[in-house]
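The values are calculated or read from the model by the stated rules, or taken from the named source; none is laboratory data. Note that this is a predicted model, so its numbers are computed, not measured. Glycine also receives a Cβ, built like all others from the backbone with ideal geometry; neighbour counts cover every protein chain displayed.
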Amino acid sequence: MSSGTMLIIIFAIMLITMFMGTPVFTAMGFTAIVVTLIWMRPDLLSRFGKTAYTQGTGFNQVIAPMFILMSEFLSQGHIAEDIYAVLNKGVGKLRGGLAIATTVTCTVFAALCGSSPATAASIGRISIAEMEKRGYDPGFAVGTVAAGGTLGIMIPPSITFCLFGMLTETSIVRLFMAGIVPGLVLSLIIIIYIIIVGAVKPSMVGADRKAGREMTSEEAREIVATAKAMANAESGVVEQPGESLAVKTKGPNFLTILPALILIVVVLGSMYTGLATPIEAAGYGVLGSLLIVLIGRRMTKKIFSTAMLNTARTGTMMVFLMICGNCMSYCISYLGIADTIATTLTQSGLSKAALIILVYVLWFVLGCLMDPASMLILTVPFLWQTLMSFGCDPLWVGVVSVLAAQIAMITPPVGMNLFVLKANSDVPMGKIIKGCWPFVGVMFFGLLILTLFPVLSTWLPNLIYNTAG
């Protein structure tokens, strides 16, 4: 049987298992067992046990859960609301200022979070309602948060980059560096689009409000008060009756969000300067985020237990994904499928551009069906060798694969962030889908730029390492 036929059968088994309602890692593990029994020796099943032990006890497996815990503390502690309110004061006078502030907040929070759904949920929880209140089109408001939320897996510290680095043995620190410029470029593209929409179709950003008066200080305080009320309701915090009115109405300022900004510098700076490994930097992030929430007097028993429980759930899922993904990789390698694909495509005369387009299509389709981590674990093992044989830069591959996952996460009708935002807003799903389509186009434009100019992904890590060398 040819390698192509085996690959089709492997994907068919896995997709059928997924559509039966099983988790992605279960589908991958079951498929690996079936493949071993059909085309390999049954005694090789014992290797899966060794793989599980190696992956489950590997020290690098600590990185992703620790960054997840860091994001959980900050998300549950409602740090995003403070960042949002402060940034509103800076850009509120621009037409579309709330949408711009939302995008910038997503950019900043992405550097603290590393998760796209968590970023979208944290920012969308308050920004969508405020944009609607000020006359924004509901679909446009949701689309802004959906697109900005995807930056959570591009701007470091990205959990997805951690997985990509472990899968391909690429430096996680270099991957983090490679994601900075593309993340900022994508954020800028989204902001430019918002400004264009505000100029061409003012009704989308509240036409009844004059340019130059997007938000007053009283309105900014109202946002903060609403955010605090939501935080108190979720966390079970009871406001003291003797608290003065001045404290209640005084909104957060730059000093309020300064600790979060310092945490970004500490976590990323310690890795980039070589003062800490990614594991140590993740530890600094957990400790720093815990201190920020404690000092801000926002930590409650409910917040702590929720953060720990969510981390345990997500972290466990990712460990099982790595275990089952490695079992699938072993089967593909044993059967020579990856080698055959690389050799066939190299000798077929297929151009590099055509190969990249085919890979993008595969990522888009699978990204609409599963989360980014599952998509990468499933596809990278048999695509990696082919992409390298065509001369693709490893860092660039990491960046565009993450961006492809970003686009898939907001692509209707099954993008993950669409359901996250539906759960955090009252906007009908029809309007959410309609509002996200233009931002899908914006993200495609960003992918085109990164494809035509790979140097945007490789310039910063090469500069830092060449300078250090």
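Conditions (1) aliphatic (A, V, I, L, M); (2) in contact with a Gly (Cβ under 9 Å, 6 or more places away or on another chain); (3) modelled with pLDDT of 90 or more, marked per residue:
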| residue | (1), (2), (3) |
| --- | --- |
| V286 | yes, no, yes |
| F320 | no, yes, no |
| S329 | no, no, no |
| M370 | yes, no, no |
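To keep it simple, each residue is scored yes or no on (1) in contact (Cβ under 8 Å) with a residue 60 or more places away in the chain; (2) farther than 21 Å from Y84 by Cα; (3) surrounded by 24 or more Cβ atoms within 10 Å (Cβ to Cβ).
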residue: G139; (1), (2), (3): yes, no, no
residue: V145; (1), (2), (3): yes, no, yes
residue: T150; (1), (2), (3): yes, no, yes
residue: M154; (1), (2), (3): yes, no, yes
residue: I159; (1), (2), (3): yes, yes, yes
residue: M166; (1), (2), (3): yes, yes, no
residue: L175; (1), (2), (3): yes, yes, yes
residue: V181; (1), (2), (3): yes, yes, no
residue: L186; (1), (2), (3): yes, no, yes
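Every test in (1) within 29 Å of G285 (Cβ to Cβ); (2) free of Cβ contacts under 8 Å to residues at least 40 places away in the same chain is passed by L37 save one, and that test is (1). Considered as a group, the residues in region 166-225 that are of a type in the set (K, R) and farther than 27 Å from F444 by Cβ include one that is modelled with the highest pLDDT, and that residue is R209. Within region 382-425, the set of residues being surrounded by 23 or more Cβ atoms within 10 Å (Cβ to Cβ), small (G, A, S) and either modelled with pLDDT of 80 or more or touching a His at 6+ places or on another chain (Cβ under 6 Å) (or both) comprises G398, S401, A404, A405, A408.
Within the option set I100, I63, being assigned to a helix (DSSP H, G or I), β-branched (V, I, T), in contact (Cβ under 8 Å) with a residue 12 or more places away in the chain and under 30 Å from C324 (Cα atoms) holds for one residue only, I63. Within region 416-431, which residues are under 19 Å from the mean Cα position of the chain (by Cα) and in a helix (DSSP H, G or I)? Once the filter is applied, which keeps residues that are under 19 Å from the mean Cα position of the chain (by Cα) and in a helix (DSSP H, G or I), region 416-431 yields M416, N417, L418, F419, V420, L421, K422, A423. The set of residues in region 18-37 that are over 17 Å from V319 (Cβ atoms), modelled with pLDDT under 90 and part of a helix (DSSP H, G or I) comprises M18, F19. Applying a threshold of 7 Å to beta carbon distances and a minimum spacing of six or more residues, or different chains, the list of pairs starting in region 404-427 at a residue that is over 13 Å from V142 (Cα atoms) and touching a residue at least 60 places away in the same chain (Cβ under 8 Å) and ending at one that is of a type in the set (D, E, K, R) and assigned to a loop (DSSP other than H, G, I, E, B) reads M416/D371.
Apart from one condition, A101 fits all of (1) small (G, A, S); (2) at pLDDT 85 or above; (3) within 14 Å of A260 (Cα to Cα); the exception is (3). In this structure, is I155 among the β-branched types (V, I, T), under 16 Å from the mean Cα position of the chain (by Cα) and either on the phi > 0 side of the Ramachandran plot or not in a helix (DSSP H, G or I) (or both)? Yes: the conditions hold for I155.
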